[in-house]
Amino acid sequence: MNEKYMKEAIKEAKKAYKKDEVPIGAVIVKDNKIIARAHNLKEKKQMVTSHAEIEAIHKAAKKLGTWHLEGCDLYVTLEPCPMCAGAIQQSRMQHVYFGAYDPKGGAIESIVRLYEAKGFNHYPYTTGGVLEEECAQLLKDYFKEKREKKKQEKLIAMEHYNG
């Protein structure tokens, strides 16, 4: 079941990739039904908060008519950052499933363990590493392509300069 919904999140990540956004996708599930789908839109919206998780939370809240997303599960292709982990927690999400670990920004297991801090009134369950390799490969391919493109642009600029 976890893999089924993570594959849907991966489809969202691929949409982001095609839009030249960092390929992260998310889906929110309630009662075994996807109620929200989203992917990164930071570049398109020029909004730092337009991460896949935040976009999905907005859609789910609108669909349910409440910000209380109790009984909902989030599937996201990359371990959530502190902002997203906080929003997930505040929305009262039941369970977070993520694909790749994020050693540069993960707030569930990698850098900060937000859900282990004492004193919050809600703690979602978490499961990491769901289809990890496939999720990580999308990100690796995206950033490799970005580096190669930047390298090509630099070469073209040097040729023009040396003209």
For the stretch 1-46 and the stretch 104-152, what is the centre-to-centre distance using only Cα atoms, to the nearest Å?
14
Just checking my list [x] 30, 23, 13; [y] 65, 27, 11; [z] 32, 16, 15 against semi-axes √(5λ) of the Cα gyration tensor in Å computed from this structure; which label fits?
[z]
Residues with beta-carbon under 13 Å from that of His39, excluding His39: net charge, scoring Lys, Arg +1 and Asp, Glu -1?
+3
Sorted by accessible surface (1.4 Å probe, heavy atoms of the protein chains only), largest first, Arg113, Arg147 come out as Arg147, Arg113
For the pair Lys45 and Glu70, what calculated FRET efficiency results from E = 1/(1 + (r/R0)^6), where r is the Cβ-Cβ distance and R0 = 41 Å, to the nearest 0.05?
0.90
Given a Förster distance of 45 Å, report the FRET efficiency between Lys14 and Ile156 from their Cβ-Cβ distance, rounded to the nearest 0.05.
0.95
Dipole moment magnitude, nearest 20 debye, the chain about Cα centre, only Lys, Arg, Asp, Glu C-beta charged:
520
Would you calculate the separation in nanometres between label points at Met1 and Lys33, each defined as 7 Å from the Cα along the Cα-to-beta-carbon direction?
1.6
Rh (Kirkwood, all Cα-Cα pairs) for the stretch 1-67, Å, reads 11.9
Which residue fluctuates the most in the chain, going by a Gaussian network model with Cα springs under 10 Å, if the choices are Pro80, Pro124, Pro103?
Pro103
Taking H placed 1.01 Å from N in the peptide plane, check which residues at least 5 places from Thr126 or on another chain put their amide H under 5 Å from its amide H.
Val96
Summing +1 for each Lys or Arg and -1 for each Asp or Glu, what net charge is found among the other residues whose Cβ lies under 13 Å from the Cβ of Trp67?
+3
Taking the Cα centre of the stretch 1-57 as origin, work out the dipole magnitude from +1 charges on Lys and Arg Cβ and -1 charges on Asp and Glu Cβ, in debye rounded to 20.
200
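The values are calculated or read from the model by the stated rules, or taken from the named source; none is laboratory data. Only a predicted model underlies this, so the values are computations on that prediction, with no experimental measurement involved. Cβ sites come from the backbone with ideal geometry, for glycine too, and all protein chains shown count toward neighbours. For the accessible areas, the whole protein counts, side chains as well, though only heavy atoms, and no ligand, DNA or RNA atoms are used. Shrake-Rupley method; radii C 1.70, N 1.55, O 1.52, S 1.80 Å.
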